[in-house]
């Protein structure tokens, strides 16, 4: 069992992990090239300063939470510095780090990569929170030489902070995140980039679809440059596929503009249907198979307390909502609450609410 | 003033408009190639059947709400059939319809295109709702020959159903929706299509970013084939720009894979920053300039009534929420409510909630 964890790098992930592990009773020591960042993490309850430890007070587990472009070097350095400790890292790309470890000639059995799939749009220790990992996936990435003990030590902290553990080899992990995370980021950024020079009235026609597609285009460009660069080969492979599909669409649209529709509609239709099929595979928020919730839409007057009344009425009826999203109209005196419930609850909910005087929007 | 409106095409948009106009006191008559669809719309309160009108009971305004690929022909037919009526349509692409009208040699002064920016993921009269247009943008598309009276008639119904009117020429409208609606649809579909053949564990790593980017990939492929085909030239132009940016990214990633990083990081970084800038231009839900709300995150036990208690507490404190989103963890016994409020309310809200025993997630 691990009792002393060293966290190297006290940004958002490192500081949050320190807070969670400290709360769970681990001794956590903190190290960061920036003494200020390190002290801030300490002040937030992420652990003690490594510089204040007694000589010989060595960690059993080292978690490297450094920026993506230095993680490999810091992991190798940590394996060298603590010759008996298990070392892991929390970077979002895994193969290049494993390659650095294997190339170092050091004892690779003590290294197991990991990737807690948690983050925020803000960065740094100031944005840290103890429950950042609660309910998130945490991918553990063993390799041919990693010891069972090392895997166990990493799994222990992932479970302690409330994550759902998944196990996956490095190459497979990197290909997966290329498709489910890195390429979507590129797509969102490219679509958003096309808005830069659009006339103001055109941007004014933006709706919820565009907002959703481009939400992550607001992400930190410095961090994402490193992430994309770190997973260059896998991201490129998916993007080449994306580009091939775009080529087909562009050609089909050119034919249609020229009045030659033969085959072109089929191309557009096939892409849209392929999108339907791919989208349907995405798991729901509970991480299980895609869950089709029923949505009940209710008009909610735009005054304090009315949404609370709505939810009190739902609670009184014993109906548990799975998700809720509130949408405001343009200058309208009410919003619409989209309430997701398990399908069997939709009709009783609609009846209950109508009976209590709520106006459904459906 | 218009008193009798004919709606040609009783799908989602036509039936919803009929319901809204009937509720506002207009006489609405309904026509559709499918007698069943037409009767369903009548039963839902969208108006009376056109087949039951007395001879000579002609509309002052005709709204064509037919599928995109037949709208032009139906508009021309309507101008011919009712020689004094104003004719409009509600299709999401405008130039090709205007071209049909101008080519017909009929009195183009009586035609004004329009585009209510409202829709749902479901289609057909069964999904219709009276308040579909409430608070949505409704673009009115005058042209060189359209009469002021025609523009006024279309504006009247847009305002009556609660929409916010925008006025824009056809070409400009089509270029705008290509960038803010049609290209995002293609991007979402292409990203989602890449998930089709992904191994199950890889799809299991999907997070909220992917869900947002691909949400609209679930849209009706038949409808969207027609929309993209109808705006082929404008969509193609934006997509060619998208492809040029992707080419740069693919080349940069290839250099990085080959170990030649010179210039490649700059390319990635420039794209991500351009995405930041474009995303920041998107207006907020209230349709005004982008509004930066402050978000207060609160842990909510996953039992009926607890969210209601939270919102009651907020209402008691007199704080009005602008938006709210609830997120569940993987198998965790609570969710996180992300509450958006005007920035000045964030601190008082956090203090109030903490004082009442709520655990903030921030």
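The values are calculated or read from the model by the stated rules, or taken from the named source; none is laboratory data. Predicted model, so just to flag it, every value in this text is computed and none were measured. Counting neighbours? That spans all protein chains shown, and the Cβs are built from the backbone with ideal geometry, glycine included.
Remark: residue B:278 falls outside the filter, which requires a residue to be part of a helix (DSSP H, G or I), surrounded by fewer than 18 Cβ atoms within 10 Å (Cβ to Cβ) and modelled with pLDDT of 85 or more. Scoring residue B:209 on the criteria (1) at the interface with another protein chain (Cβ under 7 Å from one of its Cβ atoms); (2) crowded, with 20+ Cβ neighbours inside 10 Å leaves a single failure, condition (2).
Exactly one residue out of A:155, A:171 is in a helix (DSSP H, G or I) and either away from chain B (no Cβ under 12 Å) or at pLDDT below 90 (or both), and it is A:155. Scoring residue B:62 on the criteria (1) within 20 Å of the chain's Cα centre (by Cα); (2) within 25 Å of residue B:106 (Cβ to Cβ) leaves a single failure, condition (1).
Mind checking whether some residue in region A:88-107 is surrounded by 15 or more Cβ atoms within 10 Å (Cβ to Cβ) and part of a strand (DSSP E or B)? Checking region A:88-107: at least one residue is surrounded by 15 or more Cβ atoms within 10 Å (Cβ to Cβ) and part of a strand (DSSP E or B).
Of all residues in region A:176-185, at least one satisfies being facing chain B (nearest Cβ under 7 Å), touching a residue at least 60 places away in the same chain (Cβ under 8 Å), in contact with a strand residue (DSSP E or B) (Cβ under 8 Å, 6 or more places away or on another chain) and in a helix (DSSP H, G or I). Exactly one residue among A:122, A:110 is at pLDDT below 95 and assigned by TED's automatic domain parsing to the domain that holds residue A:76, and that residue is A:122. Sub-7 Å Cβ pairs linking a first residue in region A:201-227 that is in contact (Cβ under 8 Å) with a residue 60 or more places away in the chain to a second residue that is assigned to a helix (DSSP H, G or I) and crowded, with 21+ Cβ neighbours inside 10 Å, at least 6 apart or interchain, are A:218/B:279; A:219/A:185; A:227/A:182, ordered by first then second residue.
Residues that are at the interface with chain A (Cβ under 7 Å from one of its Cβ atoms) and closer than 19 Å to residue A:220 by Cβ were ranked within region B:281-300; the one that is modelled with the highest pLDDT is B:281. Annotation: residue B:129 fulfils all but one of (1) out of contact with any strand residue (DSSP E or B) (no Cβ under 6 Å at 6 or more places or on another chain); (2) assigned to a helix (DSSP H, G or I); the unmet one is (2). Residue count for region B:28-86 satisfying the condition of being touching a residue at least 40 places away in the same chain (Cβ under 8 Å) and outside any helix (DSSP H, G or I): 20. Residue pairs whose Cβ atoms lie under 7 Å apart, separated by 6 or more positions or on different chains, with the first residue in region B:256-267 and more than 7 Å from chain A (Cβ to nearest Cβ) and over 14 Å from residue A:69 (Cβ atoms) and the second at pLDDT 85 or above and part of a loop (DSSP other than H, G, I, E, B), do not occur. Screening residue A:334 against (1) under 23 Å from residue B:312 (Cα atoms); (2) more than 8 Å from chain B (Cβ to nearest Cβ); (3) modelled with pLDDT of 70 or more leaves a single unmet condition, (3). Going residue by residue through region A:6-15, is there one that turns out to be free of Cβ contacts under 8 Å to residues at least 60 places away in the same chain and surrounded by fewer than 24 Cβ atoms within 10 Å (Cβ to Cβ)? Checked region A:6-15: no residue is free of Cβ contacts under 8 Å to residues at least 60 places away in the same chain and surrounded by fewer than 24 Cβ atoms within 10 Å (Cβ to Cβ). For residue A:189, the criteria (1) assigned by TED's automatic domain parsing to the domain that holds residue A:111; (2) at pLDDT 95 or above hold in every case but one, which is (1). Do you know which of the residues in region A:198-253 that are in contact with a strand residue (DSSP E or B) (Cβ under 8 Å, 6 or more places away or on another chain) and part of a helix (DSSP H, G or I) is nearest to residue A:71 (Cα to Cα)? My answer is A:208.
Criterion applied to A:135, A:124 was being on the phi > 0 side of the Ramachandran plot, in contact (Cβ under 8 Å) with a residue 12 or more places away in the chain and out of contact with any strand residue (DSSP E or B) (no Cβ under 8 Å at 6 or more places or on another chain), and the one residue passing it is A:124.
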